[in-house]
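Working notes for the structure below.
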Amino acid sequence: MLTSKDLFSIPYYKKGAVFTGSQRDFRFLVERVEEEGEDPKFKLTFYPDKLSFELTKDEDKTSSFFPFNDEGLSAIAEEINNH
């Protein structure tokens with residue numbers, strides 16, 4: 001079971017780093033995204049376990065957005081565990 005601590009902390013993502021991992025038959029990527037004029041958010045993307053993120057077709061990826069805070073990291077961990 002994944003916890004929010006396994007996903008590192010907010011400063012890690014402020015540097016532009018991403019977190020990738022896998023569980024069962026899927027992979028996931030957690031990153032910080034920020035659109036002009038909006039607050040930053042976490043983006044969680046699931047994709048099949050067969051290929052890398054870059055080689056996976058966009059239609060095979062599923063993304064969700066979360067607040068860019070500790071509660072967002074907790075929600076991401078829960079989403080990954082329930083996927």
- Taking region 1-41, which trypsin sites (Lys or Arg not before Pro) meet the DSSP loop condition and have no more than 10 other C-beta atoms within 10 Å? 15, 24
- Item | Exposure rank, largest accessible area first [30, 18; 1.4 Å] | 18, 30
- Message: Over the chain, with a Gaussian network built from C-alpha contacts below 10 Å, which listed residue (21, 37, 72) shows the highest mean-square fluctuation?
- Response: 37
- Accessible area, probe 1.4 Å, largest first, for residues 54, 79, 31, 36: 36, 54, 79, 31
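Considering only protein heavy atoms, what per residue accessible area in square angstrom results for region 29-83 with a 1.4 angstrom probe?
Counting only protein heavy atoms, the per-residue value for region 29-83 is 65 Å².
For the chain, which span is the longest to avoid every loop-located (per DSSP) member of chymotrypsin sites (Phe, Trp or Tyr not before Pro) having at most 14 other Cβ atoms inside 10 Å?
9-52
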- Among 51, 73, 29, determine the one that fluctuates most according to a GNM of the chain built with springs between C-alpha atoms less than 10 Å apart. 51
- Among (i) 14, 28, 21, 17, 12, 8, 0; (ii) 17, 53, 28, 2; (iii) 14, 26, 20, 13, 14, 13, 1, the entry that matches P(r) over Cα pairs in 10 Å bins from 0, in percent as calculated here: (ii)
- Item | Candidate residues 6, 58: accessible-area rank, largest first, probe 1.4 Å | 58, 6
- Query: Taking only Cα atoms, what is the 0 to 90° angle, nearest 10, from helix 70-82's long axis to the longest principal axis of the chain?
  - Reply: 10 degrees
- Task: May I ask you to give the percent of accessible area on the chain that is carbon plus sulfur, with a probe radius of 1.4 Å?
- Result: 47 percent
- Item | Entries in 15/61; 14/43; 14/50; 15/57 that, when Cα-Cα distance is taken, lie over 21 Å | 15/61; 14/50; 15/57
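The values are calculated or read from the model by the stated rules, or taken from the named source; none is laboratory data. Quantities reported herein were computed from a predicted structural model and do not represent experimental measurements. Methodologically, a virtual Cβ is constructed for each residue, glycine included, from the backbone with ideal geometry; neighbour enumeration extends over all protein chains shown. Each accessible area value is taken on the protein alone, full model and side chains, heavy atoms only, with ligands, DNA and RNA left out. Shrake-Rupley method; radii C 1.70, N 1.55, O 1.52, S 1.80 Å.
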